Amino acid sequence: MTNVQAVAIHELEQSIGETEFLRIPELVIDAGETVCLQGGNGSGKTTLLRTLMGLVRYNSGDLMVLGNDMRKIGTSSLERLRADSIGFIFQHYRLVPYLSAFDNILLPCYFSAKRRYEAERKSETAAKDAIRLIRKLSLTDPSRLSKNAAQYSAGQQQRFAIARALIGKPEMVLADEPASAMDCKGKKAVYQLLQDECRASGATLICTTHDENGIDGFDRYVNMDTLNQARERENRWSL
Ligand SMILES: Nc1ncnc2c1ncn2[C@@H]1O[C@H](COP(=O)(O)OP(=O)(O)OP(=O)(O)O)[C@@H](O)[C@H]1O
Ligand SMILES: [Mg+2]
């Protein structure tokens, strides 16, 4: 059954020792909603996305992600949730450097039968779906994506990370500054593609950015500087 709410946060608090990084009283994101999280450096955007994915644990409060209580979820269920249902674009891409660019994009289809099935349903084979996404990201010659990922430029690597997150229609896409390495035209294309793919599949999109221009079309804009009421503010710069 599809969840009505993709994310539900109530009094979420995350800290290490005395240092509090996240304090979010309330945030609900509906399934299928596209949300743009805007905020300055250190406002907690990456920390929040990592918490939603269960990569970092929180100290107190309630967090539901795609119907899962993230306090109670066990390790194997969490791994399954990530592999099947969440496409994550890391701020620093995190491609596997010794695999080809093409294999990096296909990785989710190896970890998840569900994502492979969806990619094949969309484009006949997972490889064809990777090529479809690559073309939409203005990388016109997929046959040349055989070099190891680390041998590409930052903007190219970011495109591979985007295609990797979108392949196989995950239920939720978490995009951490997905256009940071793009030129102006590239930025617009990235936000457009993320919105188009997520709307077509009904996925929830949560996208962080520093950009103030070219970020049209999201259902909702959330200011992280306001949303996050953590005491730890000395490292923050407001937009
Ligand atoms: N594991 C950690 N150890 C120490 N500090 C941390 C840790 N995780 C997050 N922080 C702190 O939490 C705050 C939020 O960091 P975060 O990376 O989430 O910000 P951000 O909004 O993504 O910033 P940017 O725009 O620069 O990417 C920062 O002050 C950071 O120093
Ligand atoms: Mg960040």
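The values are calculated or read from the model by the stated rules, or taken from the named source; none is laboratory data. Keep in mind the model is a prediction, meaning the values are calculated, not measured. FYI the Cβ positions are ideal-geometry reconstructions off the backbone, even for glycines, and counts take in every protein chain you see.
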- request: Looking only at segment 47-57, decide whether some residue is more than 13 Å from Asn228 (Cα to Cα) and among the basic types (Lys, Arg).
  value: yes
So, Ala163, is that one without any contact (Cβ under 8 Å) to a residue 60 or more places away in the chain, within 16 Å of ligand 2 (Cβ to nearest atom) and buried (at least 19 other Cβ atoms within 10 Å of the Cβ) or not? no
Scanning segment 177-208 for residues that are more than 18 Å from Leu66 (Cβ to Cβ), surrounded by 24 or more Cβ atoms within 10 Å (Cβ to Cβ) and within 16 Å of ligand 1 (Cβ to nearest atom) gives Pro178, Ala179, Thr208
The one condition Ala154 fails out of (1) surrounded by fewer than 13 Cβ atoms within 10 Å (Cβ to Cβ); (2) over 27 Å from Gly186 (Cβ atoms); (3) in contact (Cβ under 8 Å) with a residue 12 or more places away in the chain; (4) aliphatic (A, V, I, L, M) is (2)
Among the residues of segment 191-216, the number that are of a type in the set (S, T, N, Q), closer than 18 Å to Ile29 by Cα and in contact with a Cys (Cβ under 9 Å, 6 or more places away or on another chain) is 4
Apart from one, (1) within 16 Å of ligand 2 (Cβ to nearest atom); (2) crowded, with 16+ Cβ neighbours inside 10 Å; (3) farther than 30 Å from Arg80 by Cα all hold for Asn223; the odd one out is (2)
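When the residues of segment 32-76 are filtered to those that are of a type in the set (Val, Ile, Thr) and more than 16 Å from ligand 1 (Cβ to nearest atom), which remaining residue is farthest from Ser15 (Cα to Cα)?
Looking at the filtered set, the residue picked out is Thr34.
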Within segment 27-59, restricting to residues that are without any contact (Cβ under 8 Å) to a residue 24 or more places away in the chain and within 13 Å of the chain's Cα centre (by Cα), the one that is surrounded by the fewest Cβ atoms within 10 Å (Cβ to Cβ) is Leu55
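Kindly evaluate Leu139 against the criterion of being crowded, with 18+ Cβ neighbours inside 10 Å and free of Cβ contacts under 8 Å to residues at least 24 places away in the same chain.
Values: crowded, with 18+ Cβ neighbours inside 10 Å: yes; free of Cβ contacts under 8 Å to residues at least 24 places away in the same chain: yes.
Against the criterion (crowded, with 18+ Cβ neighbours inside 10 Å and free of Cβ contacts under 8 Å to residues at least 24 places away in the same chain), Leu139 qualifies.
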Of those in segment 226-239 that are surrounded by 15 or more Cβ atoms within 10 Å (Cβ to Cβ) and part of a loop (DSSP other than H, G, I, E, B), the residue modelled with the highest pLDDT is Asn228
**Message:** Going residue by residue through segment 77-95, is there one that turns out to be under 26 Å from Ala181 (Cα atoms), surrounded by fewer than 14 Cβ atoms within 10 Å (Cβ to Cβ) and within 16 Å of ligand 1 (Cβ to nearest atom)?
**Reply:** no
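Can you pull out the residues in segment 57-91 that are small (Gly, Ala, Ser) and more than 24 Å from Tyr110 (Cα to Cα)?
Of everything in segment 57-91, those that are small (Gly, Ala, Ser) and more than 24 Å from Tyr110 (Cα to Cα) turn out to be Ser60, Gly61, Gly67.
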